[in-house]
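K.L.:
Structure provided below as structure tokens; questions to follow.
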Amino acid sequence: MRTLEHFPNLVTMFFTRAREGGDKPFLWRKQDGRWVATSWAEAARQAAGLAAALKALGLQRGDRVMLVSENRPEWCISDIAIMAAGCVTVPTYTTNTERDHTHIIENSGAAAVIVSNAKLAKTVLPAVIRSSHARIVIGMEDLRAAQSGAYAAYSWHDLIATRPVDPETATAEADFAREDLACIIYTSGTGGAPRGVMQHHGAILHNVNGCARVIAEDFGWDDEVFLSFLPLSHAYEHTGGQHFPIGLGAQIYYAEGLEKLASNIEEVRPTIMVVVPRLFEVLRTRIAKAIEKQGKLPAWLLDRAQAVGARDYERKARLTDMPMKLLLGRTLKPKIARRFGGRMKAMVSGGAPLNPEIGIFFQSLGLTFLQGYGQTEAAPVISCNRPSAGLRMDTVGPPLADTEVRIADDGEILVRGELVMHGYWRNEAETARVLKDGWLHTGDIGEIDAKGRIKITDRKKDLIINDKGDNIAPQKVEGMLTLQPEIMQAMIAGDRKPYMVAALVPDPEWTAEWCARSGDPCNFANLAHDHDYRAALGAAVERVNKDLSQIERIRRFIIADEPFTIENEQLTPSMKIRRHILKQVYGDRLDALYRG
């Protein structure tokens, strides 16, 4: 079994892998319709040059540098260069508003900002001008910014070109310890202002090593290929989609976006993908619809695959299933495998709870599906399902190596180990609240089964307590609602109330098909009041209610005015619903359901 060396810091790990990789491809981007690679050696040369340039601009050890960019090779190279200069990376979302950027610059005390292009600079530069700290702006592309005396502007490429540095020199200067601060990642904020999580080098290296052991022991560690899709400003992608591949000496392809993700997967043929549950829900729907359109036989095969897969999952396989398995292995499963590139070892879901039905669906089609669990405060991976521990989709697997997990008396999951953050940046009160005696209090409720696998039941703070004192886990119910073809998104409510109500976002494709069948024009404002349309949505809710306990069932619902999106701030950048925002928007209408 291959194992990772015990690296002193992330910079040393990168330059070690770069020296081993040499002229082999490392980072890939799509240019003019074709994939173009940056080699390990070239990435190391650029990272060393940019690190030297940052020092020459006067940045000191420990200074914070904000990084605002879409996923691209320069993101990875900038992150390494910032750390190699002894500074601290502060990644931020490309979807952030000017107000968000202002908060993060001021809170982190960022001395410099690296931004990718003029479009993103429109919200970044006003925040820089208003800030009391940032005086340096570096553009990966021409920012076309108006003249300003508030900051000095530099070209990313020019800085590197004027500071040619041997990567070996940068490696020798990387004397950082595992305890040293590597980055401050601001949580996406499902409720309230984002907080800066201080992740040290050792925390991320702990994650990289633990995840590498899962791959090495359960799948075999070879020439791995990753397709990077989630924003690198999210802790899950920052570790799982960047530093983890670096540790493995893998290649990283940067996806072109959601609309081209399916074609990118077929082109890139990744061996490992890390994504959030919402993407798997979308892929499941698209796969099912595409197969159904191919005719009765493919649809029948899909139905059989799910039935056989469900029995295998429940360990209730029948001898009579063998002929069907052989048939599926020669017909449906190879087609599905090709859609995912044909060499996928594992798809790993994290960032939010997954409905077990989604995992079973993909397993039934021959794709190995792993659910992980973590938090930004734990760098972020705490545990991961793995075949050797027995795959159960209602668990998130055993803890990573060298990770302690225990359940508190009130059911809260506690975590201890090198992966745990050193605290929240400049927020001693919150740090003291979640870090007690070396244990991270996750705020998640769960249990550990007989095989050591963690099972999450809900967020401690998200639990709904009805007027009788019963606890209801909203994410479970919402996940079941969104599995219905009629419902794209859902939020339930009912705190201190006699029963549960919901705000539903109908699925647009189902809505279009409903309009076509009924002959009615698809005017959404009118549809929200159409009796037959609401009855069809109600039927979907009742299907879910049959599998819920009495206290969990949805009695009444409203139709949301628009989808929950990042742009309207009803979703976080990692696709979690912002309950406090949705309650502000729909609270009065939901409350009215109890009076009607």
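K.L.:
Give me the pairs, please: first residue somewhere in the range 424-449 and among the aliphatic types (A, V, I, L, M), second residue anywhere and part of a helix (DSSP H, G or I), beta-carbon distance under 7 Å, and either six or more positions apart or on two chains.
P.N.:
Cβ pairs passing all conditions: VAL434/GLU377; LEU440/GLU377; LEU440/ALA378; LEU440/VAL434.
K.L.:
Only one of ARG406, ARG416, ARG433 is basic (Lys, Arg) and within 26 Å of ASN355 (Cα to Cα); which?
P.N.:
Details: ARG416 fails: within 26 Å of ASN355 (Cα to Cα); ARG433 fails: within 26 Å of ASN355 (Cα to Cα).
Step by step, each of ARG406, ARG416, ARG433 is checked, and only ARG406 is basic (Lys, Arg) and within 26 Å of ASN355 (Cα to Cα).
K.L.:
Are any residues in the range 405-433 aliphatic (A, V, I, L, M) and either more than 23 Å from ILE184 (Cα to Cα) or surrounded by fewer than 16 Cβ atoms within 10 Å (Cβ to Cβ) (or both), and if so, which ones? Full working, then the answer.
P.N.:
Step one: of the range 405-433, the residues aliphatic (A, V, I, L, M) are 405, 407-408, 413-415, 419-421, 429, 432.
Passing the criteria: VAL405, ILE407, ALA408, ILE413, ALA429, ALA432.
K.L.:
Looking at the structure I just gave you, is LEU279 farther than 29 Å from MET575 by Cα and either hydrophobic (A, V, I, L, M, F, W, C) or surrounded by fewer than 14 Cβ atoms within 10 Å (Cβ to Cβ) (or both)? If you could, list the steps in order and put the result at the bottom.
P.N.:
Numbers: farther than 29 Å from MET575 by Cα: no; either hydrophobic (A, V, I, L, M, F, W, C) or surrounded by fewer than 14 Cβ atoms within 10 Å (Cβ to Cβ) (or both): yes.
Judged against the criteria, LEU279 is not a match.
Let's see how each residue does on (1) over 30 Å from MET198 (Cα atoms); (2) free of Cβ contacts under 8 Å to residues at least 12 places away in the same chain; (3) over 23 Å from the mean Cα position of the chain (by Cα); (4) buried (at least 18 other Cβ atoms within 10 Å of the Cβ):
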position	(1), (2), (3), (4)
ARG318	yes, yes, yes, no
PRO334	yes, yes, yes, no
ARG338	yes, no, yes, no
SER349	no, no, no, yes
LEU354	no, no, no, yes
GLU357	yes, no, no, no
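K.L.:
Look through the range 511-527, keep the residues that are under 32 Å from the mean Cα position of the chain (by Cα) and within 18 Å of PHE557 (Cα to Cα), and return whichever of them is surrounded by the most Cβ atoms within 10 Å (Cβ to Cβ). Even if it seems obvious, please write down each step before you answer.
P.N.:
Taking the range 511-527 as the starting set, the residues that turn out to be under 32 Å from the mean Cα position of the chain (by Cα) are 511-513, 524.
Retained after the next criterion (residues that are within 18 Å of PHE557 (Cα to Cα)): 511, 524.
Working: THR511: 18, PHE524: 14.
Once the filter is applied, the top-ranked residue is THR511.
K.L.:
Here are the criteria: (1) farther than 17 Å from LEU483 by Cα; (2) part of a loop (DSSP other than H, G, I, E, B); (3) not hydroxyl-bearing (Ser, Thr, Tyr). Tell me which single one PHE564 does not satisfy.
P.N.:
Only one criterion is unmet by PHE564, namely (1).
K.L.:
Pull up the range 286-303, narrow it to residues that are surrounded by 17 or more Cβ atoms within 10 Å (Cβ to Cβ) and in contact with a helix residue (DSSP H, G or I) (Cβ under 6 Å, 6 or more places away or on another chain), then point me to the one that is nearest to PRO323 (Cα to Cα).
P.N.:
Step by step, filter the range 286-303, then rank; the result is LEU301.
K.L.:
To continue, here is another question. Please give the strands (runs of 3 or more DSSP E) falling wholly within the range 109-216 in which 2 or more residues are farther than 16 Å from CYS87 by Cβ and assigned by TED's automatic domain parsing to the domain that holds ILE80. It would help to see each step written out before you state the result.
P.N.:
Numbers: elements: 112-115, 136-139, 152-155, 181-186, 196-200.
Qualifying strands (runs of 3 or more DSSP E): 152-155.
K.L.:
In the range 146-182, how many are farther than 24 Å from LEU10 by Cβ and of a type in the set (Asp, Glu)?
P.N.:
1
K.L.:
Quick check: is even one residue across the range 459-471 buried (at least 17 other Cβ atoms within 10 Å of the Cβ) and modelled with pLDDT of 90 or more?
P.N.:
Taking every residue of the range 459-471 in turn, none turns out to be buried (at least 17 other Cβ atoms within 10 Å of the Cβ) and modelled with pLDDT of 90 or more.
K.L.:
OK, next. Counting just the residues of the range 445-458 that are of a type in the set (D, E, K, R) and at pLDDT 90 or above, which one comes out surrounded by the fewest Cβ atoms within 10 Å (Cβ to Cβ)?
P.N.:
Going through the range 445-458, the residues of a type in the set (D, E, K, R) turn out to be 447, 449, 451, 453, 455, 458.
Those left that are additionally at pLDDT 90 or above: 447, 449, 451, 453, 455.
On the way: GLU447: 13, ASP449: 13, LYS451: 11, ARG453: 21, LYS455: 16.
That would be LYS451.
K.L.:
Scan the range 31-48 residue by residue and report those that are of a type in the set (Val, Ile, Thr) and under 21 Å from SER263 (Cα atoms).
P.N.:
If we filter the range 31-48 for residues that are of a type in the set (Val, Ile, Thr), which is where we start, we get 36, 38.
The one that is of a type in the set (Val, Ile, Thr) and under 21 Å from SER263 (Cα atoms): VAL36.
K.L.:
If we keep just the residues of the range 149-172 that are over 21 Å from ALA112 (Cα atoms) and within 33 Å of the chain's Cα centre (by Cα), which is surrounded by the fewest Cβ atoms within 10 Å (Cβ to Cβ)?
P.N.:
THR171
So that you can scan it fast, the table gives a plain yes or no per residue for (1) in contact with a Gly (Cβ under 6 Å, 6 or more places away or on another chain); (2) within 28 Å of ARG213 (Cβ to Cβ); (3) acidic (Asp, Glu); (4) touching a residue at least 24 places away in the same chain (Cβ under 8 Å):
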{"residue": "ASP23", "(1), (2), (3), (4)": "no, no, yes, no"}
{"residue": "GLN46", "(1), (2), (3), (4)": "no, no, no, yes"}
{"residue": "VAL65", "(1), (2), (3), (4)": "no, no, no, yes"}
{"residue": "GLU70", "(1), (2), (3), (4)": "no, no, yes, yes"}
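K.L.:
Please find, among GLY341, GLY329, the residue that is farther than 15 Å from PRO277 by Cα and in a helix (DSSP H, G or I). Can you show your working first?
P.N.:
Numbers: GLY341 fails: in a helix (DSSP H, G or I).
Sole residue among the options that is farther than 15 Å from PRO277 by Cα and in a helix (DSSP H, G or I): GLY329.
K.L.:
A further question on this structure: Could you tell me which residue of the range 1-30 is farthest from GLY86 (Cα to Cα), considering only residues that are modelled with pLDDT of 95 or more and exposed (fewer than 13 other Cβ atoms within 10 Å of the Cβ)? Please lay out each step first, then the result.
P.N.:
First pass over the range 1-30, keeping only residues modelled with pLDDT of 95 or more: 7-30.
From what's left, exposed (fewer than 13 other Cβ atoms within 10 Å of the Cβ): 20, 22-23.
Values: GLU20: 23, GLY22: 24, ASP23: 26 Å.
It comes out as ASP23.
K.L.:
Further question: Determine, yes or no, whether ASP312 is assigned by TED's automatic domain parsing to the domain that holds ILE448 and assigned to a loop (DSSP other than H, G, I, E, B).
P.N.:
On the way: assigned by TED's automatic domain parsing to the domain that holds ILE448: yes; assigned to a loop (DSSP other than H, G, I, E, B): no.
Against the criterion (assigned by TED's automatic domain parsing to the domain that holds ILE448 and assigned to a loop (DSSP other than H, G, I, E, B)), ASP312 does not qualify.
K.L.:
If you go through the range 234-262 one residue at a time, how many are assigned to a loop (DSSP other than H, G, I, E, B) and either buried (at least 22 other Cβ atoms within 10 Å of the Cβ) or out of contact with any Lys or Arg (no Cβ under 8 Å at 6 or more places or on another chain) (or both)?
P.N.:
Initially, the range 234-262 is screened for residues assigned to a loop (DSSP other than H, G, I, E, B), giving 234, 249-250, 255-257.
If we keep only those that are either buried (at least 22 other Cβ atoms within 10 Å of the Cβ) or out of contact with any Lys or Arg (no Cβ under 8 Å at 6 or more places or on another chain) (or both) as well, we get 234, 250, 255, 257.
Here the count works out to 4.
K.L.:
Need the failing condition index for MET273 against (1) over 21 Å from THR94 (Cα atoms); (2) outside any strand (DSSP E or B); (3) out of contact with any Gly (no Cβ under 7 Å at 6 or more places or on another chain), just the number.
P.N.:
(2) is the only condition that MET273 fails.
The values are calculated or read from the model by the stated rules, or taken from the named source; none is laboratory data. Quick caveat: nothing in here was measured; it's all calculated off a predicted structure. Neighbour counts run over all protein chains shown; Cβ positions are idealised from the backbone, glycine included.
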